[in-house]
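Asker: First the structure, which I've put down as structure tokens, then a few questions once you've had a look.
What follows draws every value from the coordinates through simple rules; no lab data is involved. Just so we're clear, the structure is a prediction, and the values are computed from it rather than from any experiment. Glycine also receives a Cβ, built like all others from the backbone with ideal geometry; neighbour counts cover every protein chain displayed.
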Amino acid sequence: MLTLQLNIFTLKIRDPKKDNKFKNMYKIPLFNLSFDKREKDAISRTLDSKWISTGPECNKFEKLFSEKLNTDFSLTTSSCTASLHMALIALGINDGDEVLVPSLTFSATANVIKYVGAKPIFCDIKSLQDLTIDPKEIENKITNKTKAIIVMHYAGFSSDMDNIVSLAKKNKLFIIEDAAHAPMSEYKGKKLGTIGDVGTFSFFSNKNIAIGEGGMVVTNNKEIYDNLKLLRSHGMTSLSYERFKGHANRYDIQSLGYNYRMDDIRASIGIVQLNKLEKDLSKRSELRKYYIKKLSKQDKIIIPFKTNNSYVSNYIFPIILNNNQLKRDEIRDKLGEKGIQTSVHYPAVHRFSIYENDYVELSKTDFVTDNEITLPMYYSLGFKDIDYITNSLNEIIG
């Protein structure tokens, strides 16, 4: 029987009987959930409460998130994409505006700019060692139409926020932090997501905090928070749970909003996951150090952020091939044959068909997107697993 598989660019038909790569599960997956009885118990308690939409668990999750990040306001959302979209609207970005954004990111970081009718201006990364947006690119691409900068903290490592904040203040620009990779990561003692005007987080199923689908938007600005809260739920002045508890008996629609709410089932999982996060990040830090140790003598790869000693989420572990004779996809296939799942973070956004009219040459981004391999990284990954991964990689690339 033939099955359909959707890859990044095309729809291909594969016969699993003839393609061993799709017959068996990976020995070492790219990511593995860190779930146990605590998540199941949290879901059961929420179901028993008879309230499963946006309510007390979302409120608890928001309060805990603000406490962990030391930020004034946190708001649960349906996704990081929703959070980014609402942030642009709350900051008044609209038709004709320009927003500076990295291309080495997930497409949603740029797509939301088009949602509001603005134009994404793609910027290159700093270097092959630092895969975050280059402040020099930002400075060179600011025009009288520029209204905001979206930074993406790649793999949980901070963008150069001192220089970016300085440029933003000088040119009166807003800063939105895409911190989807970076829960609890720090820059000079400050939590990522709390340095700019608005910060956004993802709780997709492969993130450090995994709940399936969901996000968070944070800010220290009360006016922005109030706008975000209206945008999240149809522009309504009160939520169903508030009316149910008797805190309100009617509502007004004050703006054109969306249904970007999180439900209490997911929020209950998020609370458990957030309470596990410190332990998760500690383990990931040790795994990262061991990866670096095992690959330190391999001169055919670059390990981005190799000397960065900040407190970091280590969402992923990327490597970059620096030898033009090595073919990235062939190496990934050979690792797959050995039972090791890998990925690519990311196909450059400016090279997608939808951004044909926004295309610009970005030499460093182009090199990374053609030569990057993401190796497995997750809490339950073992040091023996890393031995197998790195030994296999060294064997393949020589």
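Asker: For a protection proxy built on the mean count of beta-carbon atoms within 10 angstrom, sort 260-266, 30-36, 218-224 highest first, please. Spell out each step's value before the answer.
Answerer: Numbers: 260-266: 22.0, 30-36: 15.6, 218-224: 17.6.
Descending mean neighbour count gives 260-266, 218-224, 30-36.
Asker: Sticking with this structure for a sec: Could you tell me the calculated FRET efficiency between LYS384 and LYS119, based on Cβ-Cβ distance and R0 = 35 angstrom, to the nearest 0.05?
Answerer: On the way: r = 49 Å, r/R0 = 1.41.
My answer for the efficiency is 0.10.
Asker: Give the cross-link partners of LYS188 among the lysines, using a straight C-alpha distance below 18 Å as the criterion and excluding same-chain residues fewer than 8 apart.
Answerer: LYS68, LYS306
Asker: Could you work out how far apart the two model spin labels at MET25 and ASN206 are, taking each label as a point 7 Å from the Cα in the direction of the beta carbon, and quote it in nm?
Answerer: So the label points at MET25 and ASN206 sit 1.7 nm apart.
Asker: Measuring from label point to label point, each 7 Å out along Cα→Cβ, what is the SER53 to ASP226 span in nm?
Answerer: Inter-label distance under the simple model: 2.5 nm.
Asker: Continuing with this model, one more query. Which of the lysines could a cross-linker span from LYS114 if the Cα-Cα distance has to be under 20 Å and same-chain partners fewer than 8 positions apart are dropped?
Answerer: Counting by Cα, and skipping residues close in sequence, LYS114 has these lysines nearby: LYS141, LYS145, LYS147.
Asker: Using per-residue counts of other Cβ atoms within 10 Å, averaged over each peptide, order 295-303, 270-278 from highest down. List each step's numbers first, then the result.
Answerer: Details: 295-303: 14.6, 270-278: 19.4.
Ranked by mean Cβ neighbours within 10 Å, highest first: 270-278, 295-303.
Asker: Taking the simple approach of a point 7 Å from Cα along Cα-to-Cβ for both TYR359 and GLU278, what is their distance in nm?
Answerer: 5.0
Asker: I need the phi-derived Karplus couplings for segment 142-147: 6.51 cos²θ - 1.76 cosθ + 1.60, θ = phi - 60°, integer Hz, Gly and Pro marked x.
Answerer: So the J values, rounded to whole Hz, are 6, 10, 6, 9, 5, 10.
Asker: If you plug each phi of segment 267-275 into the Karplus form 6.51 cos²θ - 1.76 cosθ + 1.60 with θ = phi - 60°, what whole-Hz ³J(HN,Hα) values come out, in order, with x for Gly and Pro?
Answerer: 4, 5, 5, x, 4, 4, 4, 5, 6
Asker: So, one more: At 0.36 nm per residue, minus the direct Cα-Cα distance, what do LYS141 and LEU128 gain on full extension? Give it in nm, one decimal, please.
Answerer: Gain on stretching LYS141 to LEU128: 2.6 nm.
Asker: A further question follows. Hey, for a label at SER285 modelled as a point 7 Å past Cα toward Cβ, could you say which residues of segment 204-239 have their backbone N under 18 Å away?
Answerer: Label zone hits: 208-209.
Asker: Just name one of ASN59, HIS153, LEU128: the one whose Cα is farthest towards the positive end of the charge dipole of the chain (beta-carbon charges, Lys/Arg +1, Asp/Glu -1).
Answerer: Farthest towards the positive end: ASN59.
Asker: Taking the alpha-carbon distance from LYS338 and a cut-off under 16 Å, which lysines remain once sequence neighbours fewer than 8 residues away in the same chain are dropped?
Answerer: Qualifying lysines at Cα under 16 Å: LYS21, LYS23, LYS27, LYS384.
Asker: Shifting gears a bit: Ranking request for peptides 193-199, 163-169: highest mean number of other beta-carbon atoms within 10 Å first, then the rest in descending order. Write out the running numbers ahead of the final one.
Answerer: Numbers: 193-199: 24.9, 163-169: 17.0.
Per-residue Cβ counts within 10 Å, averaged per peptide and sorted highest first, yield 193-199, 163-169.
Asker: Does segment 244-376 come out rounded, prolate or oblate, given a ≥ b ≥ c as the square roots of the eigenvalues of its C-alpha gyration tensor, rounded meaning a/c under 1.5 and, failing that, prolate meaning a/b above b/c? Show your work: numbers first, answer last.
Answerer: Numbers: a/c = 2.77, a/b = 1.58, b/c = 1.75.
Cα axes put segment 244-376 in the oblate bin.
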